[in-house]
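A short write-up of the structure that comes next.
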Amino acid sequence: LMPQLDRWVITTAFAQYKRRHPAGQPIGTCAINLSGASVCDENFYEFVVEQFDIFKIPPRGICFEITETSAIANLSQAIDLIRKLRNLGCRFSLDDFGSGMSSFTYLKHLPVDYLKIDGGFVKDMIDDPIDCAMVEAINHIGHVMRIETIAEFVENDAILEALRRIGVDYAQGDG
């Protein structure tokens, strides 16, 4: 059912985006998670193009998020879909990086705009030097590849300040 659910989410999100960003208003970003099943759906790209045609929203306002594990499991399909949608102007985020069977080798081949650092490392980085080193390493490699980084699970000011010192681009969480 995931492809059907993803399609419903996209249709609903695009409709809301159009209402919240009328023509002439500053463009915001809407991040939409995609399942591995949609990444592999051979008709998914055409569906997304059709939704852009229906709702007349700017593709640069949409950032699709795919998890590292689903991207690696479906590498060729993921690369193909990412390239096609980026050519329209969409952006992509590789979600939960570092949480699964990660390999920086795969990252070299995925044309993403953002690298979301898994919150499992971020939430304990103040007290755990290994987690802190993992966040620093992922942030560094992302920046070397000209990929902006986003830290998940930023739950307090201390974590936020540590991320600022490291140079992480964005933070997501209560902090």
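Solvent-accessible surface (1.4 Å probe) assigned to His21 amounts to roughly 50 Å².
Annotation: amide H-H contacts under 5 Å for Leu115 (H modelled 1.01 Å from N, sequence separation of 5 or more, or interchain): Leu94, Glu148, Thr149, Ile150.
Nearest 5 is fine: what % of DSSP beta bridges in the chain come out antiparallel, could you say? Don't jump to the answer; show the numbers that get you there.
Working: 0 of 19 bridges.
About 0 percent, rounded to the nearest 5.
Where only DSSP H runs of four or more residues are counted, the chain gives -15500 deg cm²/dmol as its mean residue ellipticity at 222 nm, each run worth -39500 (n - 2.57). Residues Phe55, Phe64, sorted by accessible area with the largest first, give Phe55, Phe64 [1.4 Å probe; ligands and nucleic acids excluded].
Considering only protein heavy atoms and a 1.4 Å probe, what is the carbon-and-sulfur percentage of the accessible area of the chain?
On the way: 4860 of 9280 Å².
Heavy-atom surface of the chain belonging to carbon and sulfur, 1.4 Å probe: 52 percent.
Cross-link pairs exceeding 24 Å between alpha carbons, from the set Lys56/Lys108; Lys84/Lys116; Lys18/Lys84: Lys56/Lys108. Here the Karplus curve 6.51 cos²θ - 1.76 cosθ + 1.60, taken at θ = phi - 60°, turns the phi angles of the stretch 31-48 into couplings of 9, 10, 6, 10, 7, x, 5, 6, 4, 8, 6, 5, 9, 5, 4, 4, 4, 5 Hz, with x standing for Gly and Pro. Among the GluC sites (Glu not before Pro) within the stretch 1-101, those in coil by DSSP and having at most 12 neighbouring Cβ atoms inside 10 Å are Glu42.
Tell me the per residue accessible area of the chain using a 1.4 Å probe; a whole number in Å² is fine.
Details: 9280 Å² over 175 residues.
In whole numbers, the chain has 53 Å² accessible per residue.
Rounded to whole Å, the principal axis extents of the Cα atoms in the stretch 89-175 read 33, 26, 20, largest first. A DSSP coil position with no more than 13 other Cβ atoms inside 10 Å describes the following trypsin sites (Lys or Arg not before Pro) in the stretch 25-118: Lys56.
Values of log10 I(q)/I(0) for the stretch 25-175 across q = 0.11, 0.15, 0.21 Å⁻¹ run -0.43, -0.77, -1.28, by the Debye formula with one identical scatterer at each alpha carbon and no solvent. Against the main long axis of the alpha-carbon atoms of the chain, helix 2-20 sits at an angle near 90°. The HN-Hα couplings worked out from phi for the stretch 136-152 by the Karplus form 6.51 cos²θ - 1.76 cosθ + 1.60 (θ = phi - 60°) are 4, 5, 5, 4, 4, 5, x, 5, 4, 8, 6, 10, 6, 10, 10, 9, 8 Hz, whole numbers, x standing for Gly and Pro.
Treating only the Cβ atoms of Lys and Arg (+1) and Asp and Glu (-1) as charged, compute the dipole magnitude of the chain about its Cα centre; round to the nearest 20 debye. Let's see the in-between values first.
Numbers: 16 positive and 25 negative charges, 194 e Å.
I would put it at about 920 debye.
The values are calculated or read from the model by the stated rules, or taken from the named source; none is laboratory data. This one's a predicted model, so the numbers in the text were calculated from it and none came from an experiment. Virtual Cβ from ideal backbone geometry, glycine too; neighbours counted across all protein chains shown. The area values use the complete protein model at the heavy-atom level, side chains included, leaving out ligands, DNA and RNA. Shrake-Rupley method; radii C 1.70, N 1.55, O 1.52, S 1.80 Å.
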